[in-house]
Amino acid sequence: FPMRRFGGNGDGAYVLPDIDRAAIGPIGSVFSAGVGNRKEFEDELLNLYGARSYLLDRSSSESTLRTPLSAGQVLERKWLAADSGIDSISLKDWVGSHTAGTERDLLLSVDIEGAEWEALSSAPTGLMDRFALIVIELHGLKDFGNPDLYRRKIRPMLRTLFHRHSSVHVSPNNCCGTVMLPSLGVALPKTLELTLVHKRLLPPE
């Protein structure tokens with residue numbers, strides 16, 4: 001795919017296939033968990049493609065966002081988690097509260113500072129199948145070197161993530177340096193950004 005960075009050059013911007021040149025099709029609703037106070041990524045997708053955005057972050061508020069909420073953008077002050085609670089919501093409940101269950105042109109953006117492993121590991125396959133594009137920041141990669149943590153925490157989420165999607169872009173976040181994994185004999189970035197595309201949208205080999 002020809003790739004393009006959306007949302008500027010700072011934190012909160014992500015690399016996606018170039019929507020106009022990559023034959024991806026229209027972008028429907030955007031579900032962004034962990035926006036902090038920046039939503040330039042969602043602003044650009046709204047301005048270019050009319051994509052509605054559902055923003056999720058317990059620590060954010062309408063008054064602290066760097067850019068004001070536009071028509072077509074909704075902010076919910078909750079954490080993304082494996083199960084819904086007073087201050088949290090599961091991916092299934094979050095998406096289900098805003099969509100009818102038939103759209104397959106959704107975009108998922110996740111930057112939740114290490115909570116992604118648990119929050120996404122139990123997401124139903126049918127739900128993940130509805131996301132045409134996924135951008136996610138992976139944290140705590142030092143745990144790849146711990147066999148027990150890898151089996152319990154990391155592998156279940158990776159299986160969920162890659163069951164119907166393939167990675168088309170990967171880059172280290174330059175914020176945090178690297179970590180050495182002596183058990184594997186390799187160094188990994190502490191934080192990694194991934195872009196995934198649904199396998200049904202991949203060009204034929």
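The values are calculated or read from the model by the stated rules, or taken from the named source; none is laboratory data. It should be emphasised that the depicted structure is a prediction, and the values quoted were computed from it without experimental measurement. When we count neighbours, we look across all protein chains shown, and the Cβ atoms used for this are built from the backbone with ideal geometry, even at glycine. Side chains included, ligands, DNA and RNA excluded: accessible areas come from the protein's heavy atoms. Shrake-Rupley method; radii C 1.70, N 1.55, O 1.52, S 1.80 Å.
If you roll a 1.4 angstrom probe over the protein chains with everything in place, what fraction of the accessible area of the range 31-160 belongs to carbon and sulfur, to the nearest %?
Numbers: 2770 of 5720 Å².
Roughly 48 percent of what the probe reaches on the range 31-160 is carbon or sulfur.
From a point 7 Å beyond the Cα of CYS175 in the direction of its Cβ, which residues of the range 21-43 have a backbone N at a distance under 20 Å?
Counting only backbone N, you get 31-43.
In vacuo Debye scattering of the chain, one point per C-alpha: log10 I(q)/I(0) at q = 0.13, 0.19 Å⁻¹?
Summing over Cα pairs of the chain leads to -0.71, -1.55.
Determine the calculated [θ] at 222 nm for the chain from helices alone, applying -39500 (n - 2.57) to every DSSP H run no shorter than 4 residues and normalising by the residue count; nearest 500 deg cm²/dmol.
Values: 5 runs with 34 residues, N = 205.
When only DSSP H runs of four or more count, the value is -4000 deg cm²/dmol.
Could you tell me which trypsin sites (Lys or Arg not before Pro) in the range 1-36 are loop residues by DSSP with no more than 16 other beta carbons within 10 angstrom of their beta carbon? Walk me through the numbers on the way to the answer.
Details: sites: ARG4, ARG5, ARG21; in loops: ARG21.
Passing sites in the range 1-36 are ARG21.
With everything on Cα atoms, drop me the angle between helix 40-49 and the longest principal axis of the chain, reported from 0 to 90° to the nearest 10.
50 degrees
Over the range 1-139, average the accessible area per residue using a 1.4 Å probe and give it in Å², no decimals. Could the numbers behind the result be given before it?
Numbers: 5820 Å² over 139 residues.
Accessible surface, normalised per residue, equals 42 Å².
Given the options PHE1, GLY28, ASN47, identify the residue whose Cα lies farthest towards the positive end of the charge dipole of the range 1-57 (+1 on Cβ of Lys, Arg; -1 on Cβ of Asp, Glu).
After comparing all options, I get PHE1.
Given the protein chains as shown and a 1.4 Å probe, how many square angstrom of TYR150 are accessible, to the nearest 10?
Surface open to solvent at TYR150 totals about 70 Å².
For a Förster distance of 25 Å, can you work out the FRET efficiency between the beta-carbons of ARG4 and THR99, rounded to the nearest 0.05? Could you put the intermediate results ahead of the total?
Values: r = 25 Å, r/R0 = 1.01.
That gives a FRET efficiency of 0.50.
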